[in-house]
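Visitor: Encoded as structure tokens, here's the structure I'll be asking about.
Every number in this text was worked out from the coordinates using simple rules, so none of it is lab data. Everything numeric in this text was worked out from a predicted model, so none of it was measured. Don't worry about glycine lacking a Cβ; one is built from the backbone with ideal geometry, like all the others, and counts go over all protein chains shown.
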Amino acid sequence: MVCAPFRETIEWGSGKRSGTTRLIVRIDTDGGITGWGEAQCLIPSTPAVMADVAEIAIGHEISDVERLHRHVLGAGYYHHQRAAVFAIAALEMAMWDAFGKACGQPLWRLWGGRWRDRVAASAYVFHADPARLAPAIGGLLDAGFETFKVKIGFDADSDLALAETARKLIGARPLRLDVNGAWTPGIARAQLSRLAPLRPAYVEQPLEMSDISGHVLLRQSQPIPIALDETAYTLTDVGRIVAAGAADVLLLDPHQAGGMWQVLKAAAIAEASGIPVSLHSGGELALSQAAYLHLAASIPNMTLAIDTERTYLGADIAHDPPILADGSFAVPEAPGLGVEVDEALVEALAVDRIQGAYLDPARPGWFPVKPAY
């Protein structure tokens, strides 16, 4: 595990984060090719499961990503799905990296070719106090961002104050509002009515993650598009959402889905129903950021700017990470992920426990509850 510090502490409905803890995987093939992978590491069981997943993977071809995914779950790790998907995702990413290098091709070329040359990014804003939005958004505007995502879901009054402040600052640019499942159904209806004049591009995860029927009703009862993130983790989740008609937008994440191949399949399900998709951000380092760009380059219905927390990162594991410039990324051209990991940087960021994923050190005894109000 590694933990990369953030340049500043960020706030959201589930606490505060001062950095991002990631699981880093290296594989070496019999043919002498090295592949690297990365995943979110939010719960302590993930590294333990990773050790067993690594044993299961020995003997697989590096192209056998579908077989690996099913083998791990079939070995009983469906009982530990939240940890298993992170572990599978890290190993699967390393397999893709090695496979791309073996083929001498960037991953997007193996997934149907390049649909887009640049990938637009959405600026993330994490502040509970509306007064702190102005300098944060001002800097992001100067950096060339054209889409903005603001965390709300702290309490009913700040929902509106944060959204109003952001709208004044960014003008007519797309404004995304992320609730992180904090609302009850009744509050959701009331808040969406209050927010409608601000013309949000969408409101993300207004209800808690298991409430598919509640999101269906919200779509039917008001005009703001509904985006689902936590509800749309796995391929099965996405199938249920699309079948129920519960979302206008889906935010996908290879770490939460158990791999990039799962995201490609989920995006296809959404495409068949005319639903645009984007990518959720959890503080990606160079490997995962590159993986996101290969996905975004090759998925036609990934027409929305992808989320990124890259502006908050204070360190990385590679000297050649994807460069964020004028609010977008160039698509990698080198074989595999197109990133060269520096093992000295990995060692420098190494940790033996997860740091700062949830909770708030300034409020001992406090913990988030969803829905919150």
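Visitor: Helix 185-195 versus the longest principal axis of the chain: what is the Cα-based angle in degrees, 0 to 90, to the nearest 10?
Guide: 70
Visitor: Roughly how many Å is it from the Cα centre of region 138-169 to that of region 47-124, as a whole number?
Guide: Value for the Cα centre distance between the two parts: 34 Å.
Visitor: Need one word for region 2-105: rounded, prolate or oblate. Basis is the Cα gyration tensor (sqrt eigenvalues a ≥ b ≥ c); a/c below 1.5 gives rounded, then a/b vs b/c decides.
Guide: oblate
Visitor: Based only on other Cβ atoms within 10 Å, what is the fewest-to-most ordering of S122, S288, S210?
Guide: S210, S122, S288
Visitor: Also: For region 11-50, just run the numbers: alpha carbon Rg, then divide by 2.2 N^0.38 Å, N being how many residues it has.
Guide: Ratio of Rg to 2.2 N^0.38 Å for region 11-50: 1.63.
Visitor: Right, next: Under 10 Å, Cα contacts only: if you run a Gaussian network model on the chain, which one of V179, V119, V351 comes out with the highest mean-square fluctuation?
Guide: So, out of V179, V119, V351, the one fluctuating most is V351.
Visitor: Identify which of S18, S298, S193 has the largest mean-square fluctuation in a Gaussian network model of the chain, with springs joining Cα atoms closer than 10 Å.
Guide: Of S18, S298, S193, the most mobile in the Gaussian network model is S193.
Visitor: From the backbone phi of region 18-34, what are the Karplus-calculated ³J(HN,Hα) couplings (6.51 cos²θ - 1.76 cosθ + 1.60, θ = phi - 60°) in whole Hz, Gly and Pro given as x?
Guide: Using θ = phi - 60°, the values come out as 10, x, 10, 8, 10, 9, 10, 10, 10, 10, 10, 8, 4, x, x, 9, 9 Hz.
Visitor: Also, quick follow-up: Kindly provide the Kirkwood hydrodynamic radius of region 257-373 in Å, to one decimal, from all pairs of distinct alpha carbon atoms.
Guide: About 16.7 Å for region 257-373.
Visitor: Something else about it: Can you say what percent of the DSSP beta bridges in the chain, counting only those with both residues inside, are antiparallel? Round to 5.
Guide: The answer is about 50 percent antiparallel.
Visitor: A further question follows. Helix 45-57 versus the longest principal axis of the chain: what is the Cα-based angle in degrees, 0 to 90, to the nearest 10?
Guide: 40
Visitor: Moving on. Positive end of the dipole of the chain, charges at C-beta (+1 Lys, Arg; -1 Asp, Glu), about the Cα centre: which of P44, I137, Q262 has its Cα farthest in that direction?
Guide: Farthest towards the positive end: I137.
Visitor: Taking a temperature of 4 °C and a viscosity of 1.567 mPa s, what whole-number D in µm²/s does Stokes-Einstein yield for the chain with Rh from Kirkwood over alpha carbon pairs?
Guide: Estimated diffusion coefficient is 62 µm²/s.
Visitor: Can I ask one more? So for the chain, taking the charge dipole from beta-carbon charges (+1 Lys/Arg, -1 Asp/Glu), which of A325, G336, P185 sits furthest toward the positive end?
Guide: The one lying farthest along the dipole's positive direction is P185.
Visitor: Then there's this: Give me the log10 of I(q) over I(0) for region 131-255 at q = 0.09 Å⁻¹, as the Debye formula computes it from C-alpha points; what are the numbers?
Guide: Debye output, listed in q order: -0.25.
Visitor: Quantify how much of the Cα-Cα distance distribution of region 327-371 extends past 11 Å, in percent.
Guide: The share of Cα pairs beyond 11 Å in region 327-371 comes to 81 percent.
Visitor: On to the next question. Just want the ordering: W183, W366, W12, from fewest to most Cβ atoms lying within 10 Å of their own Cβ.
Guide: Fewest-to-most ranking of W183, W366, W12: W366, W12, W183.
Visitor: Would you order T9, T147, T231 from fewest to most other beta-carbon atoms within 10 Å of each residue's own beta-carbon?
Guide: T9, T147, T231
Visitor: Report D for region 106-151 in µm² per second (integer): Stokes-Einstein, Kirkwood Rh on Cα pairs, 20 °C, 1.002 mPa s.
Guide: 168
Visitor: How many angstrom lie between the Cα centre of region 312-349 and the Cα centre of region 278-311?
Guide: When both Cα centres are located, 13 Å separates them.
Visitor: Once the Cα atoms of helix 133-142 and of the chain are each reduced to a long axis, what angle between those two axes, in degrees from 0 to 90 to the nearest 10, is obtained?
Guide: 50
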